[in-house]
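So the structure is just underneath, and the comments pick up after that.
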Amino acid sequence: MKKIILFFLVCSISFSQKKTIEQRVDSVLALMNLEEKVGQLVQYSGGWDTGTQTVKPSEAHEKLISKGKVGSFLNVFGAESTKRLQKIAVEESRLKIPLIFGLDVIHGFRAIFPVPLAEACTWEPELIQLSARWQATEAASTGLHWTFNPMVDIARDPRWGRIVEGSGEDPYLGSLMAAARVKGYQGKNLSANNTIAACAKHFAGYGGAEGGRDYNTVDMSERTFRDVYLKPFHAAVKAGVGTLMSSFNEIGGVPQSGSHFLLTDILRKEWGFDGFVVSDWNSVGELIPHGIAKDLKHAAQIGINAGVDMDMEASAYFNYLADLVKEGKVSNKIFDESVKRVLRIKFRLGLFDDPYKYCNSEYEKKTILNNEIVKATREVAKRSIVLLKNKNNLLPLKKNLSRIAVLGPLANSKDDPLGPWSAQGKPGDVVTVVEGLKNKLGNKVEILFEEGCKVDGSSQDGFGKAIEAAQKSEVVILCIGESRSMSAEARSRAYLDLPGVQETFVKEIYKTGKPIVVVLMNGRPLTINWISENIPSILETWYLGIQAGNAIADVLFGDYNPSGKLPVTFPRYVGQIPIYYNHKNTGRPYDPQNHYTSYYLDLESTPLYPFGFGLSFTTFDYSNLSLNKNKIKKNESLKVSVDVKNSGSMDGEEVVQLYIRDLVGSVTRPVKELKDFTKIFLKAGESKRVEFTITPEKLKFYDINMNFVVEPGDFKIFVGTNSEDVKEASFSIVD
Ligand code: NOJ
């Protein structure tokens with residue numbers, strides 16, 4: 001009898017449209033016992049069976065679901081697999097609370113888009129929103145409700161392998177990309193059947209790992225933390241992100257998965273976030289090796305009290321949370337609040353109304369890798385490419401060449417263009433550079449492919465054949481870089497040169513005297529000084545996803561004029577790291593006339609390629625930079641205009657960038673800060689007047705008292721094609 005009443009109660013909660021989500025959350029909470037509440041805060045990973053290539057949650061997991069002891073799974077996907085588990089949750093468990101399934105859909109589920117760092121090169125938030133929309137559509141069709149993305153960590157150190165997962169070094173660009181991805185994944189309505197909850201990660205400061213070594217200690221001032229590292233997270237929260245992931249690292253002695261200051265004071269109290277926080281994989285358990293928890297029970301106590309709502313894989317909440325609540329070490333208020341946050345997102349996703357809404361095998365088949373999605377991956381891919389050098393306009397190549405040598409370990413790789421974190425991306429879906437060129441040129445141009453060498457290792461056995469191919473050809477396209485397994489989690493590098501014998505290989509090919517285009521595939525800025533000096537044309541393509549080869553061929557042959565700009569600084573040597581454009585001036589900025597200034601004895605201070613850099617097949621001239629006022633009040637906006645002319649002979653797009661410098665503040669300010677940009681299309685010979693509005697919000701920073709304010713004083717404005725090549729103007733803010 002009791003069971004029947006409960007069933008009707010839960011059904012009425014599920015199907016009642018009139019109640020608000022908050023009322024429905026409260027009514028479910030009121031029915032839950034202690035164990036069921038803990039269950040909602042537990043997440044386990046389903047195992048991937050490499051033999052059968054299917055996701056296999058264990059029988060033990062299924063038992064837990066039927067008892068309401070687990071609220072979420074990661075790494076379980078596919079309409080059938082999710083349906084089977086969901087059925088257990090909503091038919092066998094006492095309260096029938098649906099599970100939420102999450103996966104790392106970082107740049108696509110099966111249709112793999114460019115890696116996030118590459119996408120950031122587009123400087124096109126609307127396009128990136130569309131990319132995330134497509135990714136969500138595909139992911140949702142496989143029974144997923146949630147992606148652990150966007151990764152919005154600011155990264156100033158290319159040794160850190162995870163730089164590839166984010167949008168680079170700048171808080172303004174990073175914030176726009178963060179918001180775009182959240183909006184793309186979540187759409188307008190989280191309960192639609194093609195939207196998924198986003199997860200801004202890794203909260204926070206993870207990208208500041210000392211020495212660029214993954215998981216390493218982070219230490220920084222609260223000002224830098226807030227002004228730089230927290231900005232994209234705040235943008236994600238403002239865009240309505242459903243969840244955040246607490247990070248592995250500590251800052252100033254406080255592991256972030258145990259930081260009340262971060263997870264409660266800043267996130268909930270200051271920012272008003274009402275979704276839930278999931279830990280990173282075992283990051284609650286890692287409070288023990290960090291040295292702030294004596295055992296797993298203690299770790300659970302710290303984690304939940306700090307504000308980690310869901311425990312990914314540590315089993316800390318599973319084993320100890322109920323006791324901690326019974327013992328009063330975790331208050332009912334804190335505990336219930338966490339449960340409510342998880343239920344709230346499940347309600348917003350519409351899971352209580354239709355727990356199976358994402359589990360439809362036919363829809364899944366129709367959606368995965370459909371033509372529209374594949375087209376979108378090519379569009380985003382070609383727009384992500386950055387032209388780093390193009391001496392004497394070697395590019396675009398003419399289509400009437402008779403023979404091209406396409407060389408290098410990445411020229412015909414089916415695997416590497418997928419990049420890291422490629423979910424269900426399959427090498428068989430990838431168009432390689434060799435294939436892309438054949439698609440473009442048909443049989444009219446002969447393509448000689450030779451690998452020459454591997455990405456890594458010391459063998460030069462393949463050099464001979466590659467040199468021969470180069471000698472027989474009119475042009476050489478050299479595809480070199482890193483293999484995809486060299487980037488992402490736990491993939492830090494101490495050297496940023498090309499691995500293996502690749503540079504020697506390039507030098508050997510160079511000796512043939514043939515014109516060479518280097519196509520780079522890599523997950524981080526590399527130190528490519530010799531190449532940059534000697535090779536006439538260089539394309540940075542990162543990992544472009546399944547349509548990499550077609551997109552690269554589009555650019556090589558001028559069917560698309562490249563428009564990407566770097567979201568991160570390229571160092572000349574590792575010794576310069578960290579190197580980023582928005583650094584402070586110091587008391588002794590570099591002065592070549594003065595020995596006692598800030599520089600290296602044995603190295604230039606400048607980067608190899610600055611932030612915001614990227615060429616086009618055409619050229620753009622900037623003139624007539626003007627401001628509508630020279631003095632504004634603290635609460636006023638300023639209009640900045642500039643003429644941009646396409647002075648070359650090809651139509652093209654330009655990212656017009658605006659930076660400011662606050663000359664005197666109550667605290668020191670960066671030498672430049674990106675505050676606005678716009679991407680414009682100009683026909684050859686065409687001019688446009690571009691206008692920006694600098695609002696008071698854009699001028700705020702944390703002052704000496706940690707208040708977020710506009711300070712009166714003198715400012716410089718810089719507008720240009722990258723962070724170094726700019727025109728200048730000045731204005732003042734008066735009280
Ligand atoms: C650990 C990674 O740090 C995080 O980014 C990822 O989302 C989780 N594992 C789940 O796979």
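The values are calculated or read from the model by the stated rules, or taken from the named source; none is laboratory data. All of these numbers come straight from a predicted model, not from anything done at the bench. Here the Cβ positions follow ideal geometry from the backbone for every residue, glycine too, while neighbour counts run over all protein chains shown. All accessible areas refer to the heavy atoms of the entire protein, side chains included, with ligands and DNA or RNA removed. Shrake-Rupley method; radii C 1.70, N 1.55, O 1.52, S 1.80 Å.
Set the Förster distance to 51 Å, then compute FRET efficiency between Lys269 and Asn529 from the Cβ-Cβ distance, nearest 0.05.
For Lys269 and Asn529, the calculated efficiency is 0.60.
Assuming R0 = 45 Å, can you tell me the calculated FRET efficiency for the pair Leu601 and Asp714, based on Cβ-Cβ distance, to the nearest 0.05?
0.85
Accessible surface of Leu267 in the full protein assembly, 1.4 angstrom probe, to the nearest 10 Å²?
Surface accessible to solvent at Leu267 totals approximately 0 Å².
Using only the alpha-carbon atoms, how far is helix 371-384 inclined from the longest principal axis of the chain? Give it as 0 to 90 degrees, nearest 10.
Long axis of 371-384 versus the principal axis of the chain: about 50 degrees.
Using a 1.4 Å probe, what is the accessible area per residue for region 370-572, in Å²?
34 Å²
Dipole size in debye (nearest 20) for region 114-262 around its Cα centre, Lys and Arg Cβ +1, Asp and Glu Cβ -1?
380 debye
Suppose all protein chains stay in the model; what accessible area per residue would a 1.4 Å probe give for region 620-734, in Å²?
In whole numbers, region 620-734 has 44 Å² accessible per residue.
Between Thr569, Leu418, Val455, whose Cα lies farthest towards the positive end of the dipole of region 370-572 when Lys and Arg beta carbons carry +1 and Asp and Glu beta carbons carry -1, centred on the Cα centre?
It is Thr569, whose Cα lies furthest towards the positive end.
Counting only protein heavy atoms and using a 1.4 Å probe, what share of the accessible area of region 620-734 belongs to carbon plus sulfur, as a whole percent?
Answer for region 620-734: carbon and sulfur cover 45 percent of the accessible area.
Return the loop-located trypsin sites (Lys or Arg not before Pro) in region 539-612 (DSSP other than H, G, I, E, B) with at most 15 other Cβ atoms within 10 Å of their own Cβ; answer none if there are none.
Listed in order of number, the matching sites are Lys584.
If you roll a 1.4 Å probe over region 99-255 with all protein chains in place, what percent of the accessible area is carbon or sulfur?
After summing per-atom areas, the C and S share lands at 49 percent.
Determine which residues of region 181-223 fall in the zone a paramagnetic label at Lys366 would reach in this model, i.e. backbone nitrogen under 14 Å from the point 7 Å along Cα→Cβ.
Under 14 Å, as judged by backbone N against the label point of Lys366, lie 193-194 of region 181-223.
Taking 7 Å along the Cα-to-C-beta vector as the label spot, tell me the Asn392-Ser191 distance in nanometres, rounded to one decimal.
6.6 nm
Quickly estimate the mean residue ellipticity at 222 nm for the chain, helices only: each DSSP H run with n ≥ 4 gives -39500 (n - 2.57), and the total goes over all residues, rounded to 500.
For the chain, the value works out to -8000 deg cm²/dmol.
Using the Cα centre as the reference, give the magnitude of the dipole from point charges on the C-beta atoms of region 620-734 (Lys, Arg: +1; Asp, Glu: -1; all else neutral), rounded to the nearest 20 debye.
Using Cβ point charges on Lys, Arg, Asp and Glu, region 620-734 gives about 360 debye.
Would you work out which of Pro525, Asn550, Leu498 lies farthest towards the positive end of the dipole of region 370-572? Charges go on Cβ: Lys and Arg +1, Asp and Glu -1.
Of the candidates, Asn550 comes out farthest on the positive side.
Could you tell me which of Asn194, Ser666, Gly612 has its Cα farthest along the dipole of the chain towards the positive end, charges placed at Cβ (Lys, Arg +1; Asp, Glu -1), taken about the Cα centre?
Sorting the options by dipole projection puts first Asn194.
Run through region 402-496 and list the trypsin sites (Lys or Arg not before Pro) located in a DSSP loop whose Cβ has at most 14 other Cβ atoms within 10 Å.
When the trypsin sites (Lys or Arg not before Pro) of region 402-496 are filtered for loop state and at most 14 Cβ neighbours within 10 Å, Lys444 remain.
Are there any trypsin sites (Lys or Arg not before Pro) in region 180-231 that are in a DSSP loop and have at most 14 other Cβ atoms within 10 Å? List them by number.
Lys188
Could you please put Arg588, Arg348 in sequence from largest to smallest accessible area, using a 1.4 Å probe?
Arg588, Arg348
Give me the percent of accessible area attributable to carbon and sulfur for region 258-405, probe 1.4 angstrom.
Roughly 47 percent, rounded to a whole number.
R0 = 35 Å: FRET efficiency of Lys700 with Thr586, Cβ-based, nearest 0.05?
Efficiency, from the Cβ-Cβ distance: 0.90.
What distance in nm separates the simple spin-label points at Asp353 and Lys511, each placed 7 Å from Cα in the Cβ direction?
7.0 nm
Which order do you get for Trp134, Trp123 if you rank them by accessible area with a 1.4 Å probe, largest at the top?
Order by accessible area, largest first: Trp134, Trp123.
Treating the angle as unsigned and between 0 and 90°, give the value, to the nearest 10°, between the Cα long axis of helix 171-186 and the longest Cα principal axis of the chain.
The angle comes out at about 50 degrees.
Which order do Phe449, Phe335 take by accessible area at a 1.4 Å probe, largest first?
From most exposed to least exposed: Phe449, Phe335.
Per-residue accessible area for Asp274 at 1.4 Å probe radius, Å² rounded to 10?
My reading of the accessible area for Asp274 is about 60 Å².
To the nearest 10 square angstrom, what accessible area does His290 show with a 1.4 Å probe?
Using a 1.4 Å probe on the heavy atoms, I get roughly 70 Å².
By its C-alpha gyration tensor, with a ≥ b ≥ c as the square roots of the eigenvalues, how is region 620-734 shaped: rounded for a/c under 1.5, else prolate for a/b larger than b/c, else oblate?
Note, shape of region 620-734 comes out prolate.
Give me a comma-separated list of calculated 3J(HN,Hα) values for region 325-340, in order, Karplus coefficients 6.51, -1.76, 1.60 applied at θ = phi - 60°, integers in Hz, x for any Gly or Pro.
5, 4, 7, x, 7, 10, 6, 4, 5, 5, 4, 4, 4, 4, 4, 4
Which residues' amide hydrogens lie under 5 Å from the amide hydrogen of Lys389, considering only partners 5 or more residues apart or on another chain, with H built in the peptide plane?
Here Ile538 satisfy the definition.
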